Structure formats: structure tokens, C-alpha cells
């Protein structure tokens, strides 16, 4: 049972405040904000209590989404509800930011009215909500030159023929009465998050893939959709691999609404997508990457002169030659007290900087083609260095995105809407792998 | 607004019978709102009946809203009643509900007690699919109901936990950080009873570098619990890489975590900790020294190594916690650290600039302890220290402490020794017994509530305990030598009549010769299988009950054998532990101990032997019960997955 829901900006401005039961005072917003800003780094912030009022909050889009309650509810329910509220806000407003929440406050209040009654969650399904939500979303996208040169949604090149238009997916779902009304689009995204630890000897120590298939549907009404996955998809550890090309996941879970009667034989998911974004399938794979890890690092760290550490990094991208990794950034911890750095990079589009506050140097590569190898030499000046300081260099962590790539090899064979829609409907399938945590020990 | 409620009632009652489900939903909750507007009036029986009837409504949200409304209206009478028809009706409707309603209904069903086991298992099999739900909140709510319903069937509970471990682990890797955190907290709860459940998945608890530190702290706490013989090297390597983290709190927590593991795997951890000292960073050094202090207290085997490292360490910590820890080590183990008085002298000379009174108190205690074991080197500086603290110190606590020691020393050195010196390591053997596996009922009532999330820090707690346990820290304890004596008599001597000692070690040849010469005095089957832990830990465990080990058969070879020996006053006792091949022997997986005695029985003991009927009370059997105790302690200790079958 939720007493209040409020949304605060990072600075503590009250964006949305709704009291469902009148049992807590409005002052609790300020109490919450004081508590959350007073937390030190090591204190768990998710649940906080003030007298008999509990605050549960999540952070999304740089905002605090807070629910307060006087009972002792399931934390999973409240957290997932707040996440869902944020997702719905994103669906309806197009994007999630302080500005879009401010501009669409009436819409968000309307949503909250339908979603929660007297503190009890009523519904969060877009199918039901769309019958009651009348307010038009105000798009917060101002025109800017930057948008024109914008790289695609996941940073991919903007070539209309190849990639789905990047702005298309970040528009409000309800703007069917607007100018974009004619566009009947459906996006199916296969998103994988990769977390990897590679030992100092180059051996893969941990690998873990969390994947999901997400549908974003802009069709006002949608009949059944059939999503065909790889036929040779294996689920579970025990099953034997048929051919070497088999795709395997450890386990998968489906959205309630997914019909699985053809899944066992043909690997077909049947679903009637409702408007907005929803995750139809989640899967995971542990410890057995079907392909080589996307990056290998060959580091060497030496003490050079009296006060200087030489860090030579050779980074190889083991992706197939046609694909590219984007926005690769490499963080290397450096000894405490490093003051300056000089670097030799192999191309002008790369950047490197020393961040003394984080005791780290950051090397950024905007594009990294598969099969390529890049190297960089960093000379870090550390006054009063000792040989033990070299131990502070490492482990290296990387973040990157791999568009058009899935590490498990999961593919969508086909996407069929049946019966065929009357209007022109565009279907897009997008793949992307994000690095959740990619760590290489030195 | 008392007048207004009159006008509300009629439209709400009409709304309850409306054709549109949307109206009914609002009307049902409207009943609850109406009740909350006039809380003291009598409950309207007709509305309650109507709401109970609406539990059969075709619209799922109306059903759940009815439960919620009844719960509020009937709060004073204990909430909505879930009887058998209602429970079964709700269970059958589960599939139609959306996930929010499902988890709420599952919580309501906690009230229902099935009449028979058959009914219970019918319910459980109905709920089975929800254990694997894609929504974490449904899976967890189902698990809670399972644990609650099957409280009399531990096997069912264990099975449910096993099957929910996958969704729980998935939430631990969820995209939303908050959900991850909730998942981790609940994993910790499950581990209180089933420590081995996540053993094979320990890599899932490695920290991602971009995770916020509150998640990293939880993950480290879990990793420490999951350490076993197979993964210890990898886990330590992972923890080692956190020790140089940018955040000092995180680095210190990682060092403390390594210290925790060191209680079981001292050698590897001490290497890492010693290596960290070379980094020459204040916060790391301070944390390492504090870890050393805890280690010396909890884990007596490591004292020698710790003292060696402390002696070799040139720098000294700068913060007060680190200073206190170092001083405690110097005072407690001064005789093993040759440079101790000189380090302490440095602190005494710098006393005027010291701000923390806790450090001053610790310095006083440590110097007095040092004086007791190395009087010649310490006498002069102790005098200076007491003089300063009594004459010039402004903090009353410190001054009183100094006066206390001064008066104590006036009574004579022996008197002081009696009061000040205590056990040098944790006498409760808590390291050996470890944390007990708690019954599931201990935590199942708070499972899936805010309780587990609203902050308790396992790591911190133990550090606090260790600080309280240190006799030097509390003046009261020192003033009560009587209570001290109780702790002094270690558990080794309280229960048994005979006292064992380690004595000089025995060579393999001598043991073999004696073993072949002697006859078996006593043979006993112990009611438990062999401990499946590493030889190192077993050896350490047995040494604590004063039994030496000579040789083990490695690993899982069958038959498994171990040769051990000990000394009692003037007797040498040899023993063989044997676990035979389970196929060949009829007894399944139990240890047989055979005891032999080198008959250098002392005169007195011989007399005792003669006087007592030997069948009734042969000394070796009491010895073997002692051994039994040692092994049992060991078995209770939780080491990881491999230990599960011992429980």
C-alpha cells in the first residue's frame, strides 16, 4: 500500500507529488531529500525510514522516483512498480528527463490516477491505460543542429537504408493523432549485457550474458505477432549441442502474455504486443561464451625514470571484420599522486586524459573496427613513486557497445504480423550488446 | 465532514453492482475510503457481505480490490478472513491476474492454513509455475508462501529455494540497480539457512566496476560467505583487485573481507595482506593492521605470521582506528615483536600531539601489558606515560585509566598481571564453529519485506564484536578478575577430566613403529562421515583441541585414512581414523576411530585405571569423545558446498 508517490529532480525540485491516502504530510518530500543527500557512499539508499514512514526510491533518468508507505510491503513489488512507472512515462513522453517530466506533468498525473487508487496498484498495462489517457504528450525535443548529425540510436551510422531511424523509437507512443500518425512501426530489439573478467594471463575467468528481447510497438491496434528465433536454439546446460552453430542459453523466462505452443518445436514466440515497450523474453548465459571475448588487452607497465610510469597498452578487437565496436572507453587505474600524463595514440580521433580525482586515466576510442589492433603509450608522472606503486595500475575496465551483434548468437529469423495489417507497417529488428562490466586484470 | 458520508454511501453501493468493471473497481475501493473517512463508526455488515460476494467477480482487479478493501474495513477484527473456499477460489484465479495482483494475493494467502497434507501439496503444485515467474516480485512472493506453507516439510522448502535460486540470481544481475540490491539482500537471507545454495554461482557476485558501492558491499559480504576450497583462489584474486579501489571505504571493506577469509585460509590471505602493505597508502595500511588484529584474536595459528609482518612493516598507520589496532597487537604480542617497545616509545613521545583519547587509552593498556612481559625495556617509558596522563591529560577517561593502572602497579606486578592479562585469542572457538545454519523459520517471516533491505551490515557487526571482546578495551572487565577466570578456562578443560597437550612432535618413523607394536585399546564408530574439508583446516581444527595430525590420505580417495596423536600427562595416544569404501562396508559413510596408547602410564593414572572397571570407563573412550567434539565442531563449521551433506 503506497501512501505517496513523488518525483524529484536531482536538485530536489518537486516535479510530481501525489498523495493517495492522506496519512503522511507533504513535508516528507523534504525529509526524503535531506536523507538521500546526506547518505554517504557506503550506505544502502534504496529503503530509508523516517519515523514510521518508509521511503523506497529508484533513480532513473537522473530523477528520484519515490514511493512512501506506512506498511511493510514487498520491496520487489514497489521497486518494479517504480521502474514500470518510469518506463511508462518514457513511453508516453518520448524520453525520460527532468524537462520532459516538467512539460508533461498533467499527463503523468493522469497516468498515476489510473495506475494507483487509494495506494493500491490497479494496472500498468498500456492496453488498458490507453482507453483512459487523453492528454497529448508534449515533445520536449527542441530543434538542434546536433540532432541532424546524430549518430544512430545505439551510436550506429545514420544510413537510413541500414539502420532504423534513431529518433523514431524515442517519440511518444500516443502521438497517433499528430503528424507522425501514419507511421505504424514496431521495433524488436535484442539487447545483451555482457559482463566479463579476464585474468592477467589472458584467460577468461568469468563471463556472463544477460539478454532480453524487447518490443516497442507504435501500432494503435496489433493482432498476433510471431517472432521466430534461431531454430537451433538450445536451452539449459544439459542439452547436447547439435551442430557447432547451435545457439545456447542457460535459461530463459517469458512475459506472461507470450504464447509458447510453438516454441518447443519451431522456436516461435507468439505475442500480441500492446502499445509501448515491453520485454517479452529474458535469458542468460553463464561461463561459456560461444565466441571469443570481444577485446583482448596486452598491457605492459614499467617504471621508467625516477618518477614516471610507462603504460603500454595494445588492444585487439576480436569481432568479425565487418562489425565495429563503438564508444569504446578504457579506464586504467594509475598510482595515487599522479600529476600529469603524456600520451602517444595511434589516430587523432582517439582521446586520452588523466583524471587525478578518480586515480585513473581514460582512453576513448569512438570507433573500433573488428580485427583491428590499436596501441597507446602513456607516460604518467608520479612524484615519489615506489616499485610497489606499480601494483596500483590495474585492473583495466572497459565499456563499449557492439551494434548489430549478439554474443550468444541469438537471432530473429522472422517477424510476422498476422493477419497482415491494412496500413503500411514497418518492422525493425535491432541487435546490440552493451558492456555491463568488462574487466581485464593486469 | 460527517454529513457528507451519508451522501457517499448510496452511490458507492450502487457502483458495486454496476455493469462496468471499471466502476466496480473504483466502488470497491470506495468502500475502504468511506470507512477511513469515519473510522470509529460501526462496520456495515451488508457492505462487508457484498464485498465478500464480489470476490467471485469476473474482473480480476475487482477481486483483488475486494481483498484490499475488506482488509482495511476489518482491520480491527484481524483483517479479511481467508477460508478454504476463498483460498481455493483465489488459487484458481491466479492465472487471470496481472503480476501486481498475483503478488498481493500470494501475500494474502499467507493467512491460510491448509487442513491436510494432501491439500497442502495440491496448493503447492498449483503455485509451482509461479516460482519461475519472469517478474521477480511474483517469484519471491511465491517463494515466501512456499516457505510458510511447507514449514513442516524441510525438503519441500529446500526444493523451493533451489528452484527460485535462478530468478533470484537473475534479479541480482538485473538492469535496475535497486532491484539488484533487493535481490542481493534476499540472497543473503536465503544463505543464512542454505549457505551452499549459491556456491557454484559465486562468479555472479563479482562486482562490476560501474556498480554503486552499496551493491559492491553486499556482493563482497556474499562472496566471503561463499568461499570454499575450490574457489578460494579466484575469490581472493577478485577481492585483491578491489583493495586498490578509488573509494577508501570500498578498499577497506575488501581488506576486511580478505581478513574474514583468512580465518579459514590464513596462508594465502596473509600473503595478499602483506603485499598490500607495500602500497604505502594510509587507508590501506590502517585497514590491513585492523584486519591483522582481528585475525590474531580469532585465529591463533596466524599469530606468528602476523607478528612477523607487523615487525617488518616500517610505516605506521595515521588514523586512530589503525593506531589502536597496532597498539593492541604490540601490547598483546609484545614478546614476539622484538621492536615493539621502540615503536611504542615513538607513540609515547608524540603523545602531546595525539588527539584521540581512544588511542591514548589503548596506548596505556598496551604499555602496561608490555611492561609485564618485557619490564626492563618498558619501565622507563611507562613511568613517563603514566606521569603525563595523570598530571597533564585533560581527558578524564584517560586520566582515570592511568590512575587505575598506577594503583594496580602499586599492588605489585603479580597482582597486575592477574588482572591485565587475559586470553590472547578468542576462547569461544567461534572461528571453528562458524556461523550456524539457521532454520528457515528464523527469517522467512521477514522475507520479501523491507526488513532485509533497511540496512544491517554483517561485516561491520563482527568487527564490533571483536572490539567488545577484547579484554583490553573495557576497563570493567579488567576490574573483575573473577569473571575473567571463567573465560580463562578454555572450553578444552571444562568438560573433560583429562587434559591433552601437543608436546613435541613425533616423526613418521617413530609413529609407524609404535603403531605396529601396540595393540588397539579401543575402537569406536563415530556417527558421522569424514569431514570433506581441506587438510589444512582440519589440521588447524584438531590442533585447537590439542590433537596433532601426522598424515592424511589426500582428497576423495577411498578408503580414507588419517593418523593423529596427542599426549596426556605422560601418555602418548595414537589413533587412526578410517572411512571405508561405502560399497564394501555395510555401514554407510561413517568414521571408525581406533585408539592405541603408548603404555607409559603414570602411576596415578594406572591407579585410576585399576580402580575403575575398565569396560565402564576406559580413558581412551573419553579421549575419543574429545576427539568427537573436535570433529563435530569442525563439521558444524560451514565451509561451502562440499560441506552441505555433513549437516
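Every number in this text was worked out from the coordinates using simple rules, so none of it is lab data. In this text the structure is predicted, and so the values were computed from the model without any measurement. All Cβ positions, even for glycine, are placed from backbone atoms using ideal geometry, and neighbour counts span all protein chains on display.
What the table below lists for this structure:
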{"quantity": "Prolate/oblate/rounded label for the range A:53-130 (Cα gyration tensor, a/c 1.5)", "calculated": "oblate"}
{"quantity": "Tensor-based shape of the range B:179-230 (alpha-carbon gyration tensor, a/c under 1.5 rounded, otherwise prolate or oblate)", "calculated": "oblate"}
{"quantity": "Label zone at residue A:230 (point 7 Å along Cα-to-Cβ), backbone N below 11 Å, the range A:265-296", "calculated": "A:290-291"}
{"quantity": "Residue-averaged beta-carbon neighbours from other chains (10 angstrom radius) around B:442-454", "calculated": "4"}
{"quantity": "Under 17 Å from the residue A:310 label point (7 Å along Cα→beta-carbon), backbone N, the range A:341-357", "calculated": "A:341-346"}
{"quantity": "FRET efficiency, 1/(1 + (r/R0)^6) with R0 45 Å, evaluated for residue B:517 and residue B:311 via beta carbons", "calculated": "0.50"}
{"quantity": "Net length gained if the chain between residue B:418 and residue B:592 were fully extended (0.36 nm per residue, minus Cα distance)", "calculated": "58.3 nm"}
{"quantity": "Cα→Cβ-extended label distance, 7 Å offset, between residue B:342 and residue B:162, nm", "calculated": "6.1"}
{"quantity": "Inter-probe distance in nm under a simple model that places probes 7 Å from Cα toward Cβ, at residue A:298 and residue A:43", "calculated": "5.0"}
{"quantity": "Förster radius 30 Å - calculated FRET efficiency between residue A:72 and residue B:18, Cβ distance, rounded to 0.05", "calculated": "0.35"}
{"quantity": "Cα gyration tensor category, rounded, prolate or oblate, for chain A with a/c compared to 1.5", "calculated": "oblate"}
{"quantity": "Per-residue mean of C-beta atoms belonging to partner chains within 10 Å, peptide B:97-103", "calculated": "6"}
{"quantity": "Cα long-axis angle, helix A:105-115 against chain A (0 to 90 degrees, to the nearest 10)", "calculated": "70"}
{"quantity": "Length-normalised contact order for the range A:24-87 - Cα pairs under 8 Å, 6+ apart - percent", "calculated": "22"}
{"quantity": "Value of relative contact order over chain A, rounded to a whole percent, pairs C-alpha under 8 Å and six or more apart", "calculated": "15"}
{"quantity": "Neighbouring partner chain Cβ atoms per residue of A:76-88, average, 10 Å criterion", "calculated": "6"}
{"quantity": "Relative contact order of the range B:1-114, defined on C-alpha pairs under 8 angstrom at six or more residues apart (%)", "calculated": "21"}
{"quantity": "Inter-probe distance in nm under a simple model that places probes 7 Å from Cα toward Cβ, at residue B:354 and residue B:247", "calculated": "3.3"}
{"quantity": "Using alpha-carbon coordinates, inclination of helix A:28-38 to the longest axis of chain A, degrees", "calculated": "10"}
